[in-house]
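Structure, as structure tokens:
The numbers here are math on the coordinates, done by the rules we state, and not lab data. Quick caveat, the model's predicted, so the values are computed rather than measured. Cβ: placed from backbone, ideal geometry, glycine included. Neighbour counts: every protein chain shown.
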Amino acid sequence: TVGCVAIDSSGNLATATSTGGLVNKMAGRIGDTPIIGAGTYANPLCAVSATGKGESIIRHTVARDVAVLMEHRGLPLKEAAARVVADVPRGDVGLVAVSAAGEVSMVYNTAGMFRACATEDGYSEVGIWPE
Amino acid sequence: MGWAIALHGGAGDIPRSLPPERREPRMATLRRSLDLAVAALQAGRTALDVVELVVRELENCPHFNAGKGSVLTSDGTVEMEASIMDGNTMSCGAVSGLSTVVNAISLSRLVMEKTPHIYLGFHGAEAFARDQGVETRDPSHFITDENIERLRQAKQANRVQIDYTQPMKAQPPTDDNSRIG
């Protein structure tokens with residue numbers, strides 16, 4: 001699975017996710033990636049793209065839950081994303097997200113996640129495992 | 001706070017022992033995609049354009065599980081899926097069950113922008129792709145030797161694998177859903 005989230009100079013947010021799914025999956029199996037609110041979600045507060053075991057991500061409506069914690073609990077992006085990922089069975093999920101404030105979060109409960117990010121103030125990161 | 005971008009190439013059981021010949025092509029694609037995105041954002045492109053162009057870049061890299069390099073179903077076929085969403089308008093598009101479309105993410109954007117629907121799947125999505133004239137290839141274009149081997153391992157272990165699951169010894173069938181995904 002691959003994904004990208006972005007906020008542009010005008011403050012617009014967007015997310016995109018694409019995948020081949022699970023190895024050895026049954027023909028016709030749909031994962032989290034195309035299900036809005038599970039693997040992919042964006043609203044005026046944040047944009048989220050998830051990856052991992054689709055069945056877990058769907059059950060936990062991962063992408064939408066990040067937005068809900070921000071919207072209804074007033075949590076900042078990093079805290080909202082960390083809390084959602086912590087609630088999904090270990091080894092099943094990773095996500096990247098950006099917020100309307102330009103915060104970036106790349107969080108996962110797997111051994112690693114291929115990830116990269118950059119912000120206008122000059123920060124950038126490319127990695128696989130926890131630093 | 002200005003523009004910001006984040007991208008991923010999949011999460012999973014990625015061993016720290018991953019050999020350089022498996023790690024470097026992926027890292028190079030992440031860096032190239034990040035550079036593409038930064039240049040596009042600095043040029044004033046919209047967030048929607050940027051997320052689409054980054055995911056196209058990743059779909060076209062055979063080392064990631066999307067587009068070319070998609071993993072295989074138990075039938076040895078590819079069934080690709082994607083979705084895209086605009087935060088401001090909450091417009092969104094999604095596709096599933098694609099076996100010939102080179103960039104599923106661009107087809108999902110066309111679903112968002114050219115149809116009254118959100119989600120098209122399987123033969124309807126393939127027909128829409130032909131109708132829209134997006135690039136398509138023979139399904140064999142998307143199948144790599146590495147993924148044929150991964151399917152063989154997964155079948156041998158009688159389990160499904162998320163991205164980067166490492167080969168394991170054959171597991172006795174269990175009654176959880178790990179055998180059927």
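Is at least one residue of segment A:56-76 within 12 Å of chain B (Cβ to nearest Cβ), closer than 20 Å to A:L13 by Cα, touching a Ser or Thr at 6+ places or on another chain (Cβ under 7 Å) and not hydrophobic (A, V, I, L, M, F, W, C)? Within segment A:56-76, not a single residue is within 12 Å of chain B (Cβ to nearest Cβ), closer than 20 Å to A:L13 by Cα, touching a Ser or Thr at 6+ places or on another chain (Cβ under 7 Å) and not hydrophobic (A, V, I, L, M, F, W, C).
Checking segment B:9-29 against the condition returns a match, with at least one residue being of a type in the set (A, V, I, L, M, F, W, C), more than 19 Å from A:T110 (Cα to Cα) and either surrounded by fewer than 17 Cβ atoms within 10 Å (Cβ to Cβ) or within 7 Å of chain A (Cβ to nearest Cβ) (or both).
Which residue, of B:S70, B:S108, B:S96, is more than 7 Å from every other protein chain (Cβ to nearest Cβ), of a type in the set (S, T, Y), crowded, with 24+ Cβ neighbours inside 10 Å and closer than 16 Å to A:I30 by Cβ?
On the way: B:S70 fails: more than 7 Å from every other protein chain (Cβ to nearest Cβ); B:S96 fails: more than 7 Å from every other protein chain (Cβ to nearest Cβ).
Of B:S70, B:S108, B:S96, the one residue that is more than 7 Å from every other protein chain (Cβ to nearest Cβ), of a type in the set (S, T, Y), crowded, with 24+ Cβ neighbours inside 10 Å and closer than 16 Å to A:I30 by Cβ is B:S108.
Could you check, for segment B:1-14, whether at least one of its residues is out of contact with any strand residue (DSSP E or B) (no Cβ under 6 Å at 6 or more places or on another chain), free of Cβ contacts under 8 Å to residues at least 12 places away in the same chain and more than 22 Å from A:V93 (Cβ to Cβ)? Checking segment B:1-14: at least one residue is out of contact with any strand residue (DSSP E or B) (no Cβ under 6 Å at 6 or more places or on another chain), free of Cβ contacts under 8 Å to residues at least 12 places away in the same chain and more than 22 Å from A:V93 (Cβ to Cβ). Scanning segment B:36-52 for residues that are buried (at least 20 other Cβ atoms within 10 Å of the Cβ) and under 30 Å from B:P20 (Cβ atoms) yields B:A37, B:A40, B:V50, B:V51. With the condition kept exactly as written, say whether any residue in segment A:4-20 is under 14 Å from the mean Cα position of the chain (by Cα), surrounded by 20 or more Cβ atoms within 10 Å (Cβ to Cβ), more than 7 Å from chain B (Cβ to nearest Cβ) and among the polar types (S, T, N, Q). No: segment A:4-20 contains no residue that is under 14 Å from the mean Cα position of the chain (by Cα), surrounded by 20 or more Cβ atoms within 10 Å (Cβ to Cβ), more than 7 Å from chain B (Cβ to nearest Cβ) and among the polar types (S, T, N, Q).
The sole residue among A:A42, A:A100 that is farther than 25 Å from B:R26 by Cα, surrounded by fewer than 24 Cβ atoms within 10 Å (Cβ to Cβ) and at the interface with another protein chain (Cβ under 9 Å from one of its Cβ atoms) is A:A100.
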